[in-house]
Amino acid sequence: MKRRRWMGPAAFAAAGAVLLLFLILGRGEQAVILSYSDFWLLAETGQVESVTLTDGEYWSSTLTDGTAIRTPNPRAVDGKERLLALDIAVKEQESALPAWALGLIALGAFILFSQSKGKGALGLKKYAAVQADEQAPEISFQDVAASGETLQSLKDLAAFLKEPKRFSAYGARAPKGVLLYGPPGTGKTLLAKALAGEAKAPFFAMSGADFVQVYVGVGASRVRELFRKARKAGGGVIFIDEIDAIGKKRDSGNDEREQTLNALLTEMSGFSESDGIIVLAATNRLDTLDPALLREGRFDRRIEVGLPDHDQRLKILEVHARKKPLHGDISLESWAGQTALFSGAQLEALLNEAAIRAARRGSGPILEADLESAFCGVTVGEEAPRRMTEAEKRVTAWHEAGHALITHCMLPDARLTRVTVIPSSRGAAGYSMSVQPDKLLHTRRDLIAMICAALGGRAAEELLLGRDNVTTGAANDLKKAREIAAAMAKDYAMGETGDPDKDENAILIQAMDSARACLKDHRDALERLAHALLTKETLRENDLKEILSQ
Ligand code: ADP
Ligand code: MG
Ligand code: ZN
């Protein structure tokens with residue numbers, strides 16, 4: 001009797017909570033999803049009214065015409081700053097749902113749980129964030145640029161996924177967990193999808209953040225559901241993005257994460273060689289992971305996915321240029337050279353933004369100029385958000401010319417790809433970009449030359465303005481120079497006296513003297529460079545070669 005009286009209102013409340021949840025989620029799903037780069041294009045052209053930052057997968061924003069849009073959350077540190085600088089209202093929200101809604105949902109779920117004990121969390125499945133792709137994704141390794149080793153490892157995995165029995169018949173131990181780690185936007189998600197696509201295997205994806213965002217118990221049950229689905233499908237690729245969200249070193253006090261992590265570890269030791277399941281996980285932060293995750297039989301294979309090198313950048317540009325009409329004069333080779341330190345996602349954004357610019361014009365192919373103007377948006381924010389004074393520009397031109405000249409003279413193997421005096425949104429007045437050859441070992445001379453190149457900016461300022469007028473613009477350079485010198489003195493025993501502090505200073509003084517001497521010896525080239533920078537603002541590899549070869 002007692003029980004019945006309780007059931008009536010409880011069932012009613014539960015139904016209400018679930019209905020409410022659908023309403024809320026439904027509304028969220030109606031919002032237009034806009035890529036990160038398109039979002040910034042709108043933001044920068046004054047079409048974004050307000051933005052709500054969350055910890056979730058998306059930012060939601062409202063356009064000036066009232067349209068609700070969602071944008072993949074880059075979790076970039078300077079996002080908010082950029083928005084505020086554009087006069088866009090920024091709200092912050094811990095969770096995508098308002099607190100009262102969460103409260104109601106928790107209540108509803110609690111009731112559902114207690115009524116359906118043993119039968120699994122009824123109803124919860126409806127909104128579990130498993131992204132199941134029963135069909136294999138339609139991409140292959142052709143669509144990803146990666147290093148030879150990375151591709152080879154993944155091809156091995158694909159072979160295993162295609163015919164797990166063949167491997168187990170030979171007693172070959174199947175790989176279970178593979179951890180992809182590296183900076184954001186380098187193609188970890190893409191690689192996981194391509195693996196499934198290549199092996200024609202289903203793809204089950206979930207983000208670590210989804211496991212821990214909701215209330216206690218759900219994370220663990222979602223993990224189990226994920227594996228259940230994969231088993232039911234007869235194998236496939238399970239992809240757990242942002243695994244650090246659940247796999248952080250245990251810090252007692254987060255029960256939810258602990259439970260989720262334990263469920264994951266149990267599932268991973270639970271499936272057998274012949275199930276044909278491979279678990280891939282991705283993280284930007286390998287160092288924060290719980291060592292339990294990295295043990296034998298868990299994520300015991302690790303693949304580093306780093307920033308692309310020149311050839312990979314070319315390949316990435318080619319992949320994303322496939323369906324875009326590019327003007328015949330555009331050399332992707334040259335753009336690959338100019339985009340050192342770009343991630344794959346940034347390269348994709350570069351082409352995409354250029355395409356948007358061309359589309360706005362409405363006729364003709366994508367032009368070099370579109371790429372030029374997109375370049376600034378992707379790398380260093382807006383061109384000149386604040387006007388530089390002529391004097392500042394002049395110092396900056398000399399400063400950058402100093403770096404460039406010394407790099408050219410003292411590091412003959414390095415390729416100078418881009419020198420510019422256009423200020424970046426991150427506060428640097430200008431920058432010089434060079435690509436150093438990958439070397440396993442550096443000589444003492446190499447290291448000194450690197451220090452000289454770092455000090456070249458300050459040395460050039462000194463030459464132009466005299467000691468009293470050098471600027472704070474060299475702060476980062478000096479830090480870098482000091483770091484190299486310190487490593488030489490301490491780690492490599494490359495000093496004279498064996499006293500690290502003394503050696504470090506001696507190395508710095510020696511390098512500064514060499515930098516000054518080099519600039520004085522080539523003062524005409526220095527002036528030519530500085531002058532060209534003042535007029536053209538940005539010098540590319542070919543411009544630089546021409547000026548320096550005179
Ligand atoms: P991550 O998961 O490492 O953060 P993503 O796989 O989400 O990176 O990359 C985002 C997008 O950037 C991809 O969908 C793709 O368009 C592009 N991209 C990134 N890396 C590559 C790559 N190596 N080859 C081709 N495209 C890439
Ligand atoms: Mg990703
Ligand atoms: Zn500098």
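General observations
- Inter-site label distance for ASP499 and THR471 at 7 Å from Cα along Cβ, in nm: 3.7
- Solvent-accessible area of LEU286 with every protein chain in place, 1.4 Å probe, in Å² to the nearest 10: 50
- Accessible area (Å², 1.4 Å probe, nearest 10) - LEU371: 0
- Hz values of 3J(HN,Hα) by residue in segment 509-522 - Karplus curve (6.51, -1.76, 1.60), Gly and Pro given as x: 5, 4, 5, 4, 4, 5, 4, 4, 5, 4, 5, 5, 5, 10
- With contacts taken as Cα pairs under 8 Å and at least 6 residues apart, segment 161-253 reaches a relative contact order of 31 percent.
- Ranked by the mean number of other Cβ atoms within 10 Å of their residues, highest first, the peptides 456-465, 295-304 come out as 456-465, 295-304.
- Taking a point 7 Å out from the Cα of GLU483 in the direction of its Cβ, the residues of segment 502-522 whose backbone N falls within less than 17 Å of it are 508.
- Sorted on the mean count of surrounding Cβ atoms within 10 Å across their residues, most packed first, peptides 52-58, 316-322 read 316-322, 52-58.
- Charge sum, other residues only, whose C-beta stays under 14 Å from HIS531's C-beta, Lys/Arg counted +1 and Asp/Glu -1: -2
- Placed amide H near GLY236: partners under 5 Å, 5+ positions off or other chain: ILE277, ILE278
- Segment 222-295 and segment 447-508 have Cα centres separated by 46 Å.
- Checked against a 27 Å cut-off, the cross-linked pairs LYS323/LYS536; LYS439/LYS490; LYS91/LYS393; LYS176/LYS229; LYS176/LYS324 give Cα-Cα distances beyond that limit for LYS323/LYS536; LYS91/LYS393; LYS176/LYS324.
- Ratio Rg/Rh, restricted to segment 167-287 and using Cα atoms, in which Rh is the Kirkwood radius: 0.97
- For segment 187-337, share of DSSP beta bridges that run antiparallel, in % to the nearest 5: 10
The values are calculated or read from the model by the stated rules, or taken from the named source; none is laboratory data. Here the structure is a predicted model, which means the values were calculated and not measured. Ideal geometry is used to build each Cβ from the backbone, glycine not excepted, and the neighbour counts take in all protein chains shown. With ligands, DNA and RNA removed, areas are computed over all heavy atoms of the protein, side chains included. Shrake-Rupley method; radii C 1.70, N 1.55, O 1.52, S 1.80 Å.
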